[in-house]
Structure formats: structure tokens, C-alpha cells
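In what follows, a structure is listed as C-alpha cells, so that the remarks can point back to it.
Read-outs: derived from the displayed coordinates by stated rules, not from any lab. Just so we're clear, the structure is a prediction, and the values are computed from it rather than from any experiment. Here the Cβ is made from the backbone with ideal geometry for all residues, glycine too, and neighbour counts use every protein chain on show.
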There are 2 protein chains.
Amino acid sequence: MKLRRLALLATAFGTTVPLSTACSSAPPPTVAVAPAGTGFGMVIHGGAGTITRATMTDEMEAQYRAVLEQALRTGYEILERGGSSLDAVEATVRVMEDAPMFNAGRGAVFTNEGRNELDAAIMDGRTLQAGAIAGVTRVRNPISLARAVMERSPHVMMIREGAEAFGRELGHEMVPESYFFTENRWNALRRALEAEGLPMPDRPTTAPPSDDGLTLHEDDSDRKFGTVGAVALDRHGNLAAATSTGGMTNKRFGRVGDVPIIGAGTYASPGCAVSATGHGEFFIRNIVAYDICARMTYTGVSLDRAAHQVVMQRLVEQGGDGGIIAMDAAGNYTMTFNSAGMYRGYIDAQGRSTVAIYRE
Amino acid sequence: MKLRRLALLATAFGTTVPLSTACSSAPPPTVAVAPAGTGFGMVIHGGAGTITRATMTDEMEAQYRAVLEQALRTGYEILERGGSSLDAVEATVRVMEDAPMFNAGRGAVFTNEGRNELDAAIMDGRTLQAGAIAGVTRVRNPISLARAVMERSPHVMMIREGAEAFGRELGHEMVPESYFFTENRWNALRRALEAEGLPMPDRPTTAPPSDDGLTLHEDDSDRKFGTVGAVALDRHGNLAAATSTGGMTNKRFGRVGDVPIIGAGTYASPGCAVSATGHGEFFIRNIVAYDICARMTYTGVSLDRAAHQVVMQRLVEQGGDGGIIAMDAAGNYTMTFNSAGMYRGYIDAQGRSTVAIYRE
């Protein structure tokens, strides 16, 4: 009870909510409860990784914080006026897809062939409907195409050219490949290929001629994965989850990670919603998002305890780096990660937001 | 206890194990326990659907039964000599992929464009390693490529051309598209397109000139989905699951069903292994394969009870047609389906096999 009050206060004053530590076996104090009667809110992430204060400049940090804050505000405005959690998570993820610093949409990393292949998924906890796409290359906002698969087709998942053809038929915005070109990601591919002694593909002729002035945290440039995601509870008591990614730098063979796998990277039910980020293969094998909800439902543990069991115990034992954000129908939320940092944020029903990057 | 004895006897004499009914709320008597000390066995399926005695000829039934029997024997020989459940499920699924009457491999249904797109997944319960491919068009045995993704790449899932390139690099057998041409499936596409008032694509120039003499059950020709799968427990106490499919007749937009989604159509852990067949979208949204195992683990119900809760209750409430086969580490198995029939079979440690098609 005292921990909950502390967390609430921390949220109220816009400071960092205390976060779990990998070494502790006690449940990490990452849960806060929305004040009774106002029960709505949203939690977001922009990827987990080796993100520490020592490797971050103030300028970089300000860039990341600004987009996280903007993403939270976008979702909040929808939730505040009584909109659905589904609308909120889609709109929020679009903000992060449109920002160049996260590995999703615009800021997607490059494949081995110097291209960008995007995956996304969305799930409506109220109806258990879900939509997912994998391997699209020209869709500006993959999360909106995933939602279209859910709402405007009888299917859950579409891939590659087929998914893109579906998006074109519905009039989704397509962009030239140069839209996804960022100097940081291109240099990250160069470093990855050099490390393997492989030649660099030609710079796309459509690529912007010079640097865009953006300086990314080195971990965001070089690490192999990253995603963005949002989970929300609306005024009607409904949960939704959404996740989007640009995949892995230097990926080959049409690899697909956990993001578009319903139950692995994205899941929502009437009682629980989760969006994950991390080393996708581990998240698939452990059905991470659904397993957190299943532990809550079947064993009666809290959301936070369930997240701790999966992310801080099961994944840590296997060496699976990453984290999750989650909410339950009572408005409890958690942001649990076993890496050094995770870009993340929470906004409550009063519009009080918390944005954080590092562990402490 | 009495039910278990009955099931054992039924298995011993090669007759049909009694199967669950959609209307009954009691646990269906589909579980048998392998005799102590010999604990290995395998259970397979060749798809579920509107399959009834009234719509089946003796000749057709004999064809289906022969392949199911051959598939069981193939896996049994591996298990009997101490081979792994992983080897057994792969080899068994290959037999069904090579047969033209099941919707997997050779007998794959046609997409809207008159092509064949294959999905498959395999999971090793001992290690929680998994491999999956989606949307390949030239791979003779998709289940073996899924296994290669698991064992010879750091990834779990590969799709489309990328997956195929990976297979080529490893020397997997590629076949011309005509390999997957069967007159029955082509006619099924014709009927589906006619029903929508759409034109038929040109018959592939490489298609065999005439009928292959195979007569499929009408449900297998026209229904929209179908898969093959195997689950096995080996002498070392390890479980594995494998599933393969040709997708949906007349499918568009690169639709992917539950088969290659780990946790939905395919799952294996040290304690539980499941392979599913049915209307894939429902199986994805309900994380069917993993949910059966999660209910066992977290709520302590039997494998059969867990399967009943998911397939006969949850899926039935939602209108999700299909079924599953599953085994646990004690050698209990279940074949639970809510459709009129499911091609299926079981073989025990003594090599006594049971093959069945209809509900009763």
C-alpha cells in the first residue's frame, strides 16, 4: 500500500516511477493504480536496450523525451474525450512511427540488402480481434494497416506484397523508400556489414543527400532490435495494445520477430494488455505477452508479479533481453524490463505524465 | 480410471477412441495413458472439417486411412529405435506433405492468383526452440525448412522469398510450381472464384495435362482451410510438435493463418505439446496451442480437460471451427475437435495404431 502511494506520488509530480531490478527477487515496485473513478490511462515504450545515462547526451535525451511526451499526449487526448483505447494506441504508435529516432516506421533499421521491412500488430481487448502485418516496405504507418487487417478483412495476419496490396486498395498512405532513409541507420548497417566483412549495398539514389542532423544514442544505432508500443485503458473499461517495428539491422531471409505475432509481442484481452520490446526470438518462444495475461488469469497473481515472473525470471534465465509495458482492467500498469534502459512513459486520467529512460 | 482403461483397451484393439462431443460439458473421454515404462507415442491429424460418413466413399476413406497409417508408422519407427520426438514429428509430417490429399505440401490449395503458398512450424519441447516459415512457394517439404530455421539460424520465423533463399542456401529440395498442381484443388479454386463472380487465372502451362485419378472428399476440396500435424513423446521423455499447411483456397493479400504462429497452431514445452487445425484466425486470437498448455500448468487440469476448455468451450462460443492433437509428458494424449470430423491417428509404444475420421 505504501509502495502504491509512493508510485502514485511519483507519477503525480512527474518524476520517474521506481523500476524493477534484475537482481531482486521481490516484485518490483512498478505498479501504480489510477485514482478510483477516473480509471483510464496509457503506457508506452520506444524500445529497450543498453541505454545508460553515461552514454546519453542532454540533447539526445531531450529529443527522446519530447517524442515520448508527444505520443502520450496524443493518446491522452483521445482517452480524455471518451475515445477508445484502440484509437488511442493506434494514434500514439503513429506518433512514434513518424519520429526518426525509434526503430519503427520512419526510423526503421536497414536489412542486409539496404531496405526497410516493417512489422506491426494491434489487438482490441474488448473483442479479442487482432490484426498484424509483416515485411511491408512502403507503408508509412504500419500500425494503421495492421488495424485495417483487423477491421476490414476476415484475417488476422497478412505479409509482404499481399499486405501492401491490401493497404493500397484501402488507400493507406504509401511512401517512397527514401522516406525510411536515415543516415544513422545507414551507418549502423555499414558497421554491421563491416563486422562481417561484407560489402555495403549501394546507397539508394533516392536517399536524402546529407545528414538529417539527428544524433541517435549509440545503442539505438547499433543494437539489433527495437520497437515502439502502446497499451491503454479507456473510460469504458476497455484495453488495447499496439506494437510496431522496423525489425533488425542487417536482417536476412525475411526474418520476422515477435511484434506481429499475436501473443508474443502484442496481446490484449478484457483483463490485460501487453506490448513487448526486445530480442524477439525469445519473446516468440515464450509467448511473452499472452503468458503474462495467462499467469494473471489462471494463477491470480497481480499484473506486475506476472510481468516480473516472465521478464525478470523466465527471460533472464534464458538470456532474453527486453521488456514489456502492460495494463490491467483496474488501471494497474507496469513497465518491466531486464535491460539497462527502456524508453517509456505513462499518463494518467488527470493528464499527469511520467517519461523515463534509464533503470533507476 | 474406468474411462482410462476403456480408452486403453480401445487403443489396444485398434478401434476408434471415443471422442468428445460439442454438446457435452463433461470432459470428453479422449485420453489414454501409455503403459508405464514404455512411455512413448505419437498422435497426428490431417485436418478437421465437415467430414461425415454420409459424404465419404469407401475408396476415399481407404486412401486417407492408408496415408495416416503410413505417417504413424514412419514416426513410430523413429521413436521405437530411441530417436527424438523432433525427428519423429518432422518425418511424419513429411509423409503427409508428400500425399496429395491433405492441404499441405503437395496437396496445397490454390491462392486467388492460382499459386500455392505454404506455411509450417515445428517446436522442440525439450529446448523451447522453434522454427516457422510462411508464404513459401517452391519448397517441397516446408516442415523441414521450418526445422532448419530453428536449428541453423538464430531466428524463429522467416517469410516468403527470404525463407526460400535460406532454404536454397542450405540445399533444401525445391520443386517446380507444377509439383503442387492437383486437379481437385484447381477445381476448388474455380468454384470459389465462380461464387464470387471472379475470373479464373490461366491454368499453369506446367500443370499436369489431366486428372491424377485422385478423388478427394468434397469437404477437403471446398473448405477454406486444412493442415497436417504431429505431436510425439519419445523414449527420453521429450515432446515435440509440428504443423504444416497449404493455407486457404482463394486466399488473398498474403494471409497467414495460425500454423506458423508459435503458440497458436504449434507449441511444445517439456510438459505439453499441441498441433492445431481449423479456422486459423480464431486459433491466433485465442493463442490456442499455448493456452492449452498454460491451463495445464497454471490451473492443474489434465491435458484433456484443458483441451476441452479451449476447443469445446472457448472456440465453440466464438464459432471457431477446428481441433487439436496434444500429448503431455506422461504420455496422455488427446484428439479434441468441435467439427464433424478430423483425420487423426495415434500409435502407442507397442506399435498399436488407431486411425479415425468421424466423430463417433
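Looking only at helices (runs of 4 or more DSSP H) that fall completely inside segment B:103-204, which ones have 3 or more residues that are among the acidic types (Asp, Glu) and within 11 Å of chain A (Cβ to nearest Cβ)?
Working: elements: B:142-152, B:160-169, B:183-195.
In segment B:103-204, B:160-169 are the helices (runs of 4 or more DSSP H) which contain 3 or more residues that are among the acidic types (Asp, Glu) and within 11 Å of chain A (Cβ to nearest Cβ).
Give the residues of segment B:247-282 that are touching a strand residue (DSSP E or B) at 6+ places or on another chain (Cβ under 9 Å), away from every other protein chain (no Cβ under 12 Å) and assigned to a loop (DSSP other than H, G, I, E, B), sorted by residue number.
Answer for segment B:247-282, where residues must be touching a strand residue (DSSP E or B) at 6+ places or on another chain (Cβ under 9 Å), away from every other protein chain (no Cβ under 12 Å) and assigned to a loop (DSSP other than H, G, I, E, B): B:PRO270, B:GLY271.
Read through the list (1) touching an Asp or Glu at 6+ places or on another chain (Cβ under 6 Å); (2) not in a loop (DSSP other than H, G, I, E, B), then give the number of the only condition that B:ILE44 fails.
Going through (1) touching an Asp or Glu at 6+ places or on another chain (Cβ under 6 Å); (2) not in a loop (DSSP other than H, G, I, E, B) one by one, B:ILE44 breaks only (1).
Please go through segment A:71-116 and give me each residue that is in contact with an Asp or Glu (Cβ under 8 Å, 6 or more places away or on another chain) and closer than 25 Å to A:GLU151 by Cα, ordered by number.
A:ILE78, A:LEU79, A:GLY82, A:GLY83, A:SER84, A:SER85, A:LEU86, A:ALA88, A:ALA104, A:GLY105, A:ARG106, listed by residue number.
Taking A:ALA148, is it in contact with a Pro (Cβ under 6 Å, 6 or more places away or on another chain) and buried (at least 18 other Cβ atoms within 10 Å of the Cβ)?
On the way: in contact with a Pro (Cβ under 6 Å, 6 or more places away or on another chain): no; buried (at least 18 other Cβ atoms within 10 Å of the Cβ): yes.
No.
What is the residue count in segment A:349-360 for residues that are assigned to a loop (DSSP other than H, G, I, E, B) and more than 20 Å from A:VAL93 (Cβ to Cβ)?
Looking only at segment A:349-360, we keep the residues that are assigned to a loop (DSSP other than H, G, I, E, B), and these are A:349-352, A:359-360.
Now restrict to residues that are more than 20 Å from A:VAL93 (Cβ to Cβ): A:349-350, A:352, A:359-360.
Summing the residues that are assigned to a loop (DSSP other than H, G, I, E, B) and more than 20 Å from A:VAL93 (Cβ to Cβ) in segment A:349-360 gives 5.
Confirm whether A:TYR346 is facing chain B (nearest Cβ under 10 Å), within 27 Å of A:VAL67 (Cβ to Cβ) and outside any loop (DSSP other than H, G, I, E, B). Steps first, please.
Details: facing chain B (nearest Cβ under 10 Å): no; within 27 Å of A:VAL67 (Cβ to Cβ): yes; outside any loop (DSSP other than H, G, I, E, B): yes.
It is false that A:TYR346 is facing chain B (nearest Cβ under 10 Å), within 27 Å of A:VAL67 (Cβ to Cβ) and outside any loop (DSSP other than H, G, I, E, B).
So how many residues does segment B:283-307 have that are crowded, with 24+ Cβ neighbours inside 10 Å, out of contact with any strand residue (DSSP E or B) (no Cβ under 6 Å at 6 or more places or on another chain) and more than 8 Å from chain A (Cβ to nearest Cβ)?
Count: 1.
Are any of the residues in segment A:316-328 within 10 Å of another protein chain (Cβ to nearest Cβ), of a type in the set (Asp, Glu) and under 17 Å from the mean Cα position of the chain (by Cα)? Please lay out each step first, then the result.
Our first condition is that a residue be within 10 Å of another protein chain (Cβ to nearest Cβ); within segment A:316-328, this holds for A:318.
Those still in the list that are of a type in the set (Asp, Glu) too: none.
No, because not a single residue in segment A:316-328 is within 10 Å of another protein chain (Cβ to nearest Cβ), of a type in the set (Asp, Glu) and under 17 Å from the mean Cα position of the chain (by Cα).
Criterion first (surrounded by 24 or more Cβ atoms within 10 Å (Cβ to Cβ) and within 21 Å of A:ALA276 (Cβ to Cβ)) does A:LEU128 satisfy it?
Working: surrounded by 24 or more Cβ atoms within 10 Å (Cβ to Cβ): no; within 21 Å of A:ALA276 (Cβ to Cβ): yes.
It is false that A:LEU128 is surrounded by 24 or more Cβ atoms within 10 Å (Cβ to Cβ) and within 21 Å of A:ALA276 (Cβ to Cβ).
For residues that are surrounded by fewer than 24 Cβ atoms within 10 Å (Cβ to Cβ), of a type outside the set (D, E, K, R) and closer than 27 Å to B:GLU194 by Cα, tally how many sit in segment B:250-278.
The total comes to 2.
Among the residues of segment A:224-246, count how many are assigned to a strand (DSSP E or B) and within 14 Å of chain B (Cβ to nearest Cβ).
Filtering segment A:224-246 down to residues assigned to a strand (DSSP E or B) leaves A:227-233, A:239-245.
With the extra rule that they be within 14 Å of chain B (Cβ to nearest Cβ), the set shrinks to A:240-241, A:245.
Residues in segment A:224-246 being assigned to a strand (DSSP E or B) and within 14 Å of chain B (Cβ to nearest Cβ): 3 in total.
Restricting to segment B:320-354, count the residues that are surrounded by fewer than 21 Cβ atoms within 10 Å (Cβ to Cβ) and among the hydroxyl-bearing types (Ser, Thr, Tyr).
Adding up the residues that qualify gives 1.
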